[in-house]
Amino acid sequence: STISKDSLKTSLLQLECHFTWTLQKKYVSLEALEETILDHIKFLKEYEIRDYNLLSYVNYLKNSYEEALRSLKKAEEAIQKRHPDEIDRRSLVTWGNYAWIYYHMQRYEEAQTYVSKVENSCKKLSSTAHGKIELPEIYAEQGWALLRFGRTYFERAMNCFENALRSEPNNSDFSAGYATAMYRLEGNVQRYGGEMRPCLTALKRAVELNPMDTTVVALFALELQRLHRANEGERYIEEGLQKTPDFPVFLRHAANFYRKKGEVNKAVEILKKALALTPNSVALHHQLGLCYKFKALQLKKRRYPPRAEMENLIELAIFHFKTVIDKKPVFFSAYSDLANTYAIDKRYEEAEEIYQKVLQRNDLACDDKQDLYFSYGNFQQFHMKSESKAIKYYIECLKLEMDSYPRKMSSKAVETLLKQKIESGLGDATDIGTLGLVHKLNGKKQEAIECYEEAIALDPNNEEYLNALTELQLSI
């Protein structure tokens, strides 16, 4: 019997699984993500079902269909071992993934078999469901998958865990997911701007529900540190080091805590231990790079910096940042970190090359661009001593409307530069006109008008200023 491909596709789109959760690969590096999942399976057996499900989807994105089927087989084995009494309920996501992978392999009979398995299970589990069913653990599995695909998805992840918690408010896994998503979102807001939603309560709740989940314990400690309650936080970190001394994810967070506290040597020791356990972890390489870069800067501040020691630290930082970019080319902040490290060592050509490499990419999100323009403006201002280029890139940052921390910093930097020039009497029409543009981009219309009028007085035939002025006057 031939199966109609169209009706099969319609059924497939009804399934709840990784293929219908719109997880786009442009936000991740598949190799790095695969490493992360494999490390997770190795150190946290209890989440292997959802890890193998996600791994099968990553295998599919890498076009390794056979490998994807093997991952699903492992998920099935784990389900039989862990949930022998609820095979149907626990297999819905796995079967959905099977159906999609067989569909992509053009094995339509097998795809249809799995679609039917899901539909029959849903009928058994719920009298009303038409192949669709809303189970809290499926919401949670979606939430965890979204968290793995980068910050574009944090908001959606939080909503998934909220839905899961509605059915089971005391489930420690759902609570941990919800708190993690909230924590990540708050980190985003700090860096890029947006609405603040404090996550301390959610983290505290997750820690109370499962004090052995040291990942959440560590995030709780980091949040306390963020709120200037580091002494409280440190107790949790120390407890975590007792509970899970060999768990790399916890070690990474603990190191982050000590680095932010200024105990960089302690952070380095912890990171080295974690890296020995998971040598391919991009996050660990990035953190180590930050530590070595910080140490190099500390030495540079001395009156007589020890040359050999500094060069060694700079080489180490460069090595780790390069590793990050090689393994995860979409880790955009690491490009700035690497370029800045070259700049510390006055290796300006190499720094410039790294900036150009990343500025030419066409897959940068708005906030990544703002970050980069501000960083590059800084590089031009303080290392290359080129005010004109610095001004140009600060303004590129301002042209991106999104309100963010780098945008605020760029605005401040460019205003300071222009005002210093104008007030010292070295400013010409261009500088005054540029300040007008800055005010205009920041929505300060009256200030902008004054600047443009002043610029036109100095340069009466400048089309650009005349047009800008007209436009502003009409918009008031």
* The one condition in (1) free of Cβ contacts under 8 Å to residues at least 60 places away in the same chain; (2) in contact with a helix residue (DSSP H, G or I) (Cβ under 6 Å, 6 or more places away or on another chain); (3) more than 27 Å from Ala339 (Cβ to Cβ) that Ile270 fails to fulfil -> (3)
* Identity of the residue in the range 19-43, free of Cβ contacts under 8 Å to residues at least 60 places away in the same chain and hydrophobic (A, V, I, L, M, F, W, C), that ends up nearest to Pro245 (Cα to Cα) -> Ile41
* Look at the range 4-18 and say how many of its residues are in contact (Cβ under 8 Å) with a residue 24 or more places away in the chain and more than 25 Å from Ile79 (Cα to Cα). => 3
* Does Arg226 satisfy the condition of being surrounded by fewer than 19 Cβ atoms within 10 Å (Cβ to Cβ) and either over 12 Å from His253 (Cα atoms) or at pLDDT below 95 (or both)? -> yes
* Structure fact -> Within the range 430-469, restricting to residues that are open to solvent by 70 Å² or more (accessible area, probe 1.4 Å) and of a type in the set (S, T, N, Q), the one that is nearest to Asp403 (Cα to Cα) is Gln446
* Structure fact -> Taking first residues from the range 451-475 that are on the phi < 0 side of the Ramachandran plot and in a helix (DSSP H, G or I) and second residues anywhere that are of a type in the set (Lys, Arg) and open to solvent by 60 Å² or more (accessible area, probe 1.4 Å), the pairs with Cβ under 8 Å that are 6 or more apart or on different chains are Ala468/Lys440; Leu472/Lys440; Leu472/Lys445; Ser475/Lys445
* Subset of the range 237-255 (residues that are surrounded by fewer than 23 Cβ atoms within 10 Å (Cβ to Cβ) and farther than 13 Å from Leu271 by Cβ) -> Glu238, Glu239, Leu241, Gln242, Lys243, Thr244, Pro245, Asp246, Phe247
* Given the residues Asn280, Asn265, Asn210, Asn231, which is the only one that is within 21 Å of the chain's Cα centre (by Cα) and not small (Gly, Ala, Ser)? -> Asn280
* **Some residue of the range 28-46 being among the β-branched types (Val, Ile, Thr) and farther than 28 Å from Phe332 by Cβ** => no
* Flag if Gly427 is surrounded by 17 or more Cβ atoms within 10 Å (Cβ to Cβ) and either modelled with pLDDT under 95 or not in a helix (DSSP H, G or I) (or both) -> yes
* Structure fact -> Residue hits (the range 363-397; under 18 Å from the mean Cα position of the chain (by Cα) and in a loop (DSSP other than H, G, I, E, B)) are Asp363, Leu364, Ala365
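Per-residue answers, yes or no, for (1) among the aliphatic types (A, V, I, L, M); (2) closer than 30 Å to Pro136 by Cα:
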site: Asp173; (1), (2): no, yes
site: Glu208; (1), (2): no, yes
site: Arg226; (1), (2): no, no
site: Gly240; (1), (2): no, yes
site: Pro248; (1), (2): no, yes
site: Ala254; (1), (2): yes, no
* Asked: Where in the range 9-111 are there helices (runs of 4 or more DSSP H), lying fully within it, with 1 or more residues that are touching a Leu at 6+ places or on another chain (Cβ under 6 Å), open to solvent by less than 50 Å² (accessible area, probe 1.4 Å) and within 26 Å of Leu135 (Cα to Cα)?
  -> 30-43, 48-61, 65-82, 92-104
* Could you list all residues from the range 189-219 that are crowded, with 17+ Cβ neighbours inside 10 Å, touching a residue at least 60 places away in the same chain (Cβ under 8 Å) and part of a helix (DSSP H, G or I)? => Tyr192
* What number goes with the only condition from (1) aliphatic (A, V, I, L, M); (2) open to solvent by 40 Å² or more (accessible area, probe 1.4 Å); (3) modelled with pLDDT under 95 that Leu364 does not pass? -> (2)
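So which of Lys389, Lys421 ends up being touching a Gly at 6+ places or on another chain (Cβ under 9 Å), touching a residue at least 24 places away in the same chain (Cβ under 8 Å) and open to solvent by 20 Å² or more (accessible area, probe 1.4 Å)?
Lys421
The values are calculated or read from the model by the stated rules, or taken from the named source; none is laboratory data. A quick note: this is a predicted structure, and the numbers were derived from the prediction, not measured. Methodologically, a virtual Cβ is constructed for each residue, glycine included, from the backbone with ideal geometry; neighbour enumeration extends over all protein chains shown. The accessibility values were calculated without ligands, DNA or RNA, using every heavy atom of the protein model including side chains. Shrake-Rupley method; radii C 1.70, N 1.55, O 1.52, S 1.80 Å.
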